[in-house]
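Here, each number is a calculation from the coordinates, and none is a lab measurement. Owing to the predicted nature of the structure, the values given are computational and were not obtained by experimental measurement. All Cβ positions, glycine included, derive from the backbone under ideal geometry; neighbour counts span all protein chains shown.
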Amino acid sequence: MEIEAWYTCIYCFEQNDVVVDVTGGMNQVYVEDCQVCCRPNRLHISIRPGLREADIQADEA
């Protein structure tokens, strides 16, 4: 199952859409490049149990 979510780039402050694969676990960390400025953001993802939502916090990779 996949969840659509978004995060704000820590460099250019633009919103980025991502697809989170829930088979990776309820708490995930990975690096994704911003779709606007191409700089890397480390994403800390927490999937809300029972919901089709994820909370994402970005920081410097």
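Some observations on this one:
For (1) on the phi > 0 side of the Ramachandran plot; (2) free of Cβ contacts under 8 Å to residues at least 40 places away in the same chain, each residue gets a yes or a no:
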{"position": "TYR7", "(1), (2)": "no, no"}
{"position": "ASP21", "(1), (2)": "no, yes"}
{"position": "MET26", "(1), (2)": "no, yes"}
{"position": "CYS37", "(1), (2)": "no, yes"}
{"position": "LEU43", "(1), (2)": "no, yes"}
{"position": "GLY50", "(1), (2)": "yes, yes"}
{"position": "ALA54", "(1), (2)": "no, no"}
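- Meets criteria (polar (S, T, N, Q) and assigned to a strand (DSSP E or B)) for GLN35: no
- Looking only at residues of segment 40-55 that are of a type outside the set (A, V, I, L, M) and either closer than 10 Å to ALA5 by Cβ or outside any strand (DSSP E or B) (or both), we find that the one that is nearest to the chain's Cα centre (by Cα) is ASP55.
- Unmet requirement for CYS37, which otherwise passes all of (1) surrounded by 11 or more Cβ atoms within 10 Å (Cβ to Cβ); (2) within 13 Å of the chain's Cα centre (by Cα); (3) of a type outside the set (A, V, I, L, M): (2)
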